[in-house]
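The values are calculated or read from the model by the stated rules, or taken from the named source; none is laboratory data. A quick note: this is a predicted structure, and the numbers were derived from the prediction, not measured. Methodologically, a virtual Cβ is constructed for each residue, glycine included, from the backbone with ideal geometry; neighbour enumeration extends over all protein chains shown. SASA here: full protein model, heavy atoms, side chains in, ligands and nucleic acids out. Shrake-Rupley method; radii C 1.70, N 1.55, O 1.52, S 1.80 Å.
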Amino acid sequence: MANAEERRFEVLRAIVADYVSNQEPVGSKAIVDRHNLGVSSATVRNDMAALEEEGYITQPHTSAGRIPTDKGYRLFVDRIAEVKPLSAAERRAITAFLDSGTDVDDVLRRSVRLLAQLTRQVAVIQYPMMTNSAVRHLEVVPLTPARLMLVLITDSGRVDQRTVDLGDVITEENVGRLRTVLNGALAGRRLSEAAASVAELPEKSPGDLRDSLTRVCTVLVESLVEHPEERLVLGGTANLTRNVSDFPGSLRQVLEALEEQVIVLKLLAAARNPGAVTVRIGEENEDEQMRSTSVVSIGYGMDDMLLGGMGVVGPTRMDYPNTIAAVRAVANYVGQILSGR
């Protein structure tokens with residue numbers, strides 16, 4: 001019986017491969033001709049009947065061929081023993097392309113563009129989550145004698161710039177003192193801890209710095225407290241329109257859903273651990289507008305530190321092995337680059 005089950009899975013694998021490649025329902029003769037299964041057409045027809053009865057494949061319209069169902073794709077994805085790794089040339093191209101990013105915004109934009117090109121799907125990446133970041137450095141730059149620019153740099157590569165009107169002139173010496181006091185309270189601390197530390201600074205500061213420090217700290221706390229809306233970068237939306245027939249009557253809904261940041265963030269929420277790929281197929285997606293799609297998502301970061309989520313959205317008729325390999329590879333490089341900045 002185990003052999004029969006394995007054979008049926010090979011038939012399912014053949015149907016998935018041919019349907020993803022050709023977008024045509026697959027018949028038993030085509031499976032025998034194209035795939036070296038070593039069994040007769042009659043055996044393949046029996047296996048297809050069993051797969052259909054179990055809900056793994058279905059017959060569209062009056063076609064003699066079959067196509068995979070969401071349940072069939074799920075079994076196929078769960079049984080992918082090995083994901084084909086990207087070639088050395090592809091890996092070098094990814095590294096070179098992402099390494100030349102100038103800052104975190106540029107790296108994320110490049111990542112999305114690259115992932116959309118590699119998978120020919122919609123790519124999405126979440127900005128590094130502030131809760132998991134620590135302050136690397138705060139630069140204090142005088143713009144005028146009474147105005148400062150604060151440049152907050154986190155260990156995830158995020159840069160936040162704010163200006164502060166002091167209401168009075170400050171000397172270069174006092175700007176240096178401010179910089180020292182602030183970095184002493186901030187450097188190396190997680191953002192939530194840093195916010196609490198900064199809020200207490202004015203009370204402890206020397207009298208001649210107190211007014212300036214109060215104004216600076218008020219602005220800094222706003223930077224340090226995470227904004228409730230997470231920022232996303234989306235790319236390759238036009239890829240969905242290449243095969244409108246993959247979204248019968250629902251392409252507009254999918255495009256509208258992708259415009260809703262909350263929906264996309266929910267899609268990425270399953271990505272909890274850097275390097276662990278999650279695949280949601282069709283009906284497994286909570287949001288009704290996304291039930292004609294598959295979402296391949298992953299967390300990016302370094303070691304156990306999750307910086308954010310990324311992934312691709314496409315039709316359920318997707319090249320899952322290559323998509324998973326591309327998502328994993330790009331996430332790996334993004335995590336390395338942002339953690340090393």
Got a number for residues in the stretch 1-59 being among the aliphatic types (A, V, I, L, M) and either over 25 Å from N243 (Cβ atoms) or in contact with a Pro (Cβ under 8 Å, 6 or more places away or on another chain) (or both)?
-> 14
For the stretch 252-259, indicate whether the set of residues that are touching a Gly at 6+ places or on another chain (Cβ under 7 Å), in contact (Cβ under 8 Å) with a residue 24 or more places away in the chain and more than 20 Å from L75 (Cβ to Cβ) is non-empty.
-> no
Looking at D47, is it acidic (D, E), in a helix (DSSP H, G or I), surrounded by 12 or more Cβ atoms within 10 Å (Cβ to Cβ) and out of contact with any Ser or Thr (no Cβ under 9 Å at 6 or more places or on another chain)?
-> no
Would you pick out the residues in the stretch 26-50 that are hydroxyl-bearing (S, T, Y) and within 13 Å of E10 (Cα to Cα)?
-> S28, T43
Tell me the helices (runs of 4 or more DSSP H) entirely within the stretch 249-341 that contain at least 1 residues that are closer than 19 Å to I94 by Cβ.
-> 320-340
Only one of (1) at pLDDT 95 or above; (2) under 26 Å from the mean Cα position of the chain (by Cα) fails for S21. Which number is that?
-> (1)
Check whether at least one residue in the stretch 51-66 is of a type outside the set (V, I, T) and on the phi > 0 side of the Ramachandran plot, and report yes or no.
-> yes
With the first residue restricted to the stretch 86-112 and required to be farther than 22 Å from T154 by Cα, and the second required to be aromatic (F, W, Y), Cβ contacts under 8 Å at 6 or more apart or on different chains are I94/Y333; T95/Y333
Mind listing whichever residues of the stretch 207-218 are surrounded by fewer than 16 Cβ atoms within 10 Å (Cβ to Cβ), in contact (Cβ under 8 Å) with a residue 12 or more places away in the chain and of a type outside the set (S, T, Y)?
-> D208, D211
Could you pull out every one of the helices (runs of 4 or more DSSP H) wholly within the stretch 67-166 that has 3 or more residues that are open to solvent by 30 Å² or more (accessible area, probe 1.4 Å) and not assigned by the TED database to the domain that holds A49?
-> 88-99, 104-119
Mind telling me which of the residues R190, R215, R252 ends up being at pLDDT 85 or above and not assigned by the TED database to the domain that holds G309?
-> R215
Quick check: is even one residue across the stretch 291-304 modelled with pLDDT of 90 or more, open to solvent by less than 10 Å² (accessible area, probe 1.4 Å) and within 20 Å of R13 (Cβ to Cβ)?
-> yes
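Here's the yes/no breakdown for (1) polar (S, T, N, Q); (2) farther than 30 Å from E139 by Cα; (3) open to solvent by less than 10 Å² (accessible area, probe 1.4 Å):
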{"residue": "L234", "(1), (2), (3)": "no, yes, no"}
{"residue": "R242", "(1), (2), (3)": "no, yes, no"}
{"residue": "S245", "(1), (2), (3)": "yes, yes, no"}
{"residue": "P248", "(1), (2), (3)": "no, yes, no"}
{"residue": "V264", "(1), (2), (3)": "no, yes, yes"}
{"residue": "G275", "(1), (2), (3)": "no, yes, no"}
{"residue": "G309", "(1), (2), (3)": "no, no, yes"}
